[in-house]
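The values are calculated or read from the model by the stated rules, or taken from the named source; none is laboratory data. Since the structure is predicted, the reported quantities are computational estimates derived from the model, not experimental observations. Methodologically, a virtual Cβ is constructed for each residue, glycine included, from the backbone with ideal geometry; neighbour enumeration extends over all protein chains shown. The area values use the complete protein model at the heavy-atom level, side chains included, leaving out ligands, DNA and RNA. Shrake-Rupley method; radii C 1.70, N 1.55, O 1.52, S 1.80 Å.
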Amino acid sequence: MYVVTGVGGYVGAQTARRLMERVPVSQITVTSRNDAVLAEWRAKGARACKADYNDKASMIEAFRGAECVFLVSAMEVGEKRQAQHRNAVEAAKAAGVKRVVYTSFLGAGDPNINSFEIADHKFTEKLILDSGLSWNFMRNSQYGDAMAENQAAIAITTGKSIGNAGDGRVAFIARDDVAAVAAALIAGKGERNRAYDVTGPASVSWNDVAALVSELSGAKIDVVDLTDEQMYAMWDSLGVPREATGDFSRSPVPWCSDGMVSLGREIRLGHLSTVTNVVEELTGRKPKSLRELMKEKAPTWPKAPAA
C-alpha cells in the first residue's frame, strides 16, 4: 500500500493522480482533513482516511501497513510545522511504514544555508534520518506556479516587480513536475536513501521573470530591487507579521516576512540557481520551463493597464 498525504492540496492531489498511472488505485491510501475531498477519492476506488498532522493517532491508523508514505510538508512555518512533522514521522514509525518520501527544499542538505524557510526542512530531514526509516528527500526548487500566478498578476496591476533577490537566479519548478517525480519515487523509481534536487530546466533572474510577464501581457513592468531591511519595512507597512506566530488578521498574504525576506536573500546568494535533470531522469519527460508555465496561465491574468 502507498499513502499520499494532503490530497486537499494541489501537489498531494496531483501526486495521487500520477500514482494511479503506476499502481492500481486499490493500493493507494489518501489522507485529508476534508470530508468532501475524501469522498471524491473513495469514488475513485482509493482508501481515504481522515488524518491530521496535529493528530498522531489518526495518522498511525492511516499509515498502518504502508510500503511508502508521501509526506507533503505542512503549510505553517516554524515551531508548529516542526511539531506537525514530528507527529507524522513518529506515526510512520509506529505504523510500521517502510519508507518515506518527503517534500523538502533545495539546499536543505547544505550546512551553509540557513534561511528561515529551510530550517523546518533540515529539522524534518533529520527526524527521518534518525527514525531508521528508508527515505527519499525531494529537495524542490521554488515553484514556478507562484510566479506564473500571484507574482505575474501583482506585477501587471502595479507595474512593479518588487524583491530583494538582486541578480540571483532560480531554476523554477512546476508543481506538476514535482508531482510526477513524487509518484515515480513512491512507486519505486530512483535509489533508496537518496536526496534528489528537483528543478526546472534553466535558472532565471527576477529581471527575467518580469521581462517574461511584460512580453506575454503587454504591461510595462519596472523591477524594484530592495535591501532586506527595505523589504521588511514594506511588509510591515502592509500588516504582514515578521514571525509565523504573529498576527495575520490584517495581512494580505498568509506568509510571514521572515520567510519571504530570507528566501529572497538565499536567491541573491545563489543558493537556488542549481539546475538538474532529475525530472527527466525519474519521469522520462522534460520539465516545464517558466515560459511554458507563464503561457498556460496568461489567459487568467488581469488586463494590462492602458498606457
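Applying a DSSP loop filter and a limit of 15 other Cβ atoms within 10 Å to the GluC sites (Glu not before Pro) in segment 237-297 leaves GLU243.
Ignoring aspartates and glutamates fewer than eight residues from LYS288 along the same chain, the ones with Cα atoms less than 19 angstrom from its Cα are ASP145, GLU149, ASP176, ASP177, ASP197, ASP208, GLU215, GLU280, GLU296.
Ligands, DNA and RNA are left out, and with a 1.4 angstrom probe the accessible area of segment 147-278 is 43 Å² per residue. Under 5 Å between amide hydrogens, built in the peptide plane, is the criterion, and for VAL100 it picks out VAL69, SER134, TRP135, ASN136 among residues at least 5 positions away or on other chains.
For the chain, what does -39500 (n - 2.57) per DSSP helix run (n ≥ 4), summed and divided by total residues, give at 222 nm, in deg cm²/dmol to the nearest 500?
Working: 12 runs with 128 residues, N = 307.
My calculation for the chain gives -12500 deg cm²/dmol from helical runs alone.
Between LYS80 and LEU238, the distance separating the two model label sites (each 7 Å from Cα on the Cα→Cβ line) works out to 2.0 nm.
With all protein chains in place and a 1.4 Å probe, the accessible surface of segment 185-307 carries 51 percent carbon and sulfur. Annotation for segment 113-214: trypsin sites (Lys or Arg not before Pro) lying in DSSP loop with at most 16 further Cβ atoms inside 10 Å of their Cβ are LYS189, ARG192.
Name the shape class, rounded, prolate or oblate, that the alpha-carbon gyration tensor gives for the chain, where a ≥ b ≥ c are the square roots of its eigenvalues, rounded holds for a/c under 1.5, and otherwise prolate holds if a/b is larger than b/c and oblate otherwise.
On the way: a/c = 1.74, a/b = 1.55, b/c = 1.12.
Prolate, because a/c is 1.5 or more and a/b exceeds b/c.
Compared with the alpha-carbon gap, the fully stretched path from LYS295 to ASN54 is longer by 82.9 nm at 0.36 nm per residue. Here the spin labels are modelled as points 7 Å beyond Cα on the Cα-Cβ line, and at LYS98 and LYS303 they lie 5.8 nm apart.
When the charge dipole of the chain is built from unit charges on Cβ atoms (+1 for Lys and Arg, -1 for Asp and Glu) and taken about the Cα centre, the candidate among GLN27, ALA88, ASN54 whose Cα reaches farthest toward its positive end is GLN27.
Around the amide H of VAL4, modelled in the peptide plane, lie the amide H atoms of THR29, VAL30, THR31, PHE70, all under 5 Å away and 5 or more residues distant in sequence or on another chain.
Judged by the ratio a/c of the largest to the smallest principal axis of the C-alpha gyration tensor, segment 13-156 counts as oblate, that ratio being 1.5 or greater while a/b is no larger than b/c.
Give the accessible surface of segment 15-95 per residue, rounded to a whole number of Å², with probe radius 1.4 Å and ligands, DNA and RNA excluded.
On the way: 3910 Å² over 81 residues.
Accessible area per residue: 48 Å².
Across segment 197-213, computed HN-Hα scalar couplings (Karplus, 6.51 cos²θ - 1.76 cosθ + 1.60, θ = phi - 60°) run 7, 9, 9, x, x, 7, 9, 10, 9, 4, 4, 4, 4, 4, 5, 5, 4 Hz from first to last residue, x flagging Gly and Pro.
A simple charge model with +1 on the Cβ of Lys and Arg, -1 on the Cβ of Asp and Glu and nothing else charged puts the dipole of segment 150-307 at about 500 debye relative to its Cα centre. Taking the charge dipole of the chain about its Cα centre, with +1 at Lys and Arg Cβ atoms and -1 at Asp and Glu Cβ atoms, the residue from VAL100, MET260, ALA219 reaching farthest to the positive side is VAL100.
If only the Cβ of Lys and Arg carry +1 and only the Cβ of Asp and Glu carry -1, the dipole of the chain around its Cα centre is close to 1040 debye. Annotation: amide H-H contacts under 5 Å for SER161 (H modelled 1.01 Å from N, sequence separation of 5 or more, or interchain): ASP222, VAL223, VAL224. Look at the Cα gyration tensor of segment 247-307: its axes a ≥ b ≥ c give a/c of at least 1.5 with a/b at or below b/c, and that counts as oblate. Of the accessible area of segment 26-146, computed with a 1.4 Å probe over protein heavy atoms only, carbon and sulfur atoms account for 50 percent. Students often forget the sequence filter, so: which aspartates and glutamates lie under 13 Å Cα-Cα from LYS56 once same-chain residues fewer than 8 apart are removed? The qualifying aspartates and glutamates are GLU90. Partners of LYS295 within straight-line reach, counting lysines whose Cα lies under 28 Å from its Cα and excluding those fewer than 8 residues away in the same chain: LYS160, LYS220, LYS286, LYS303.
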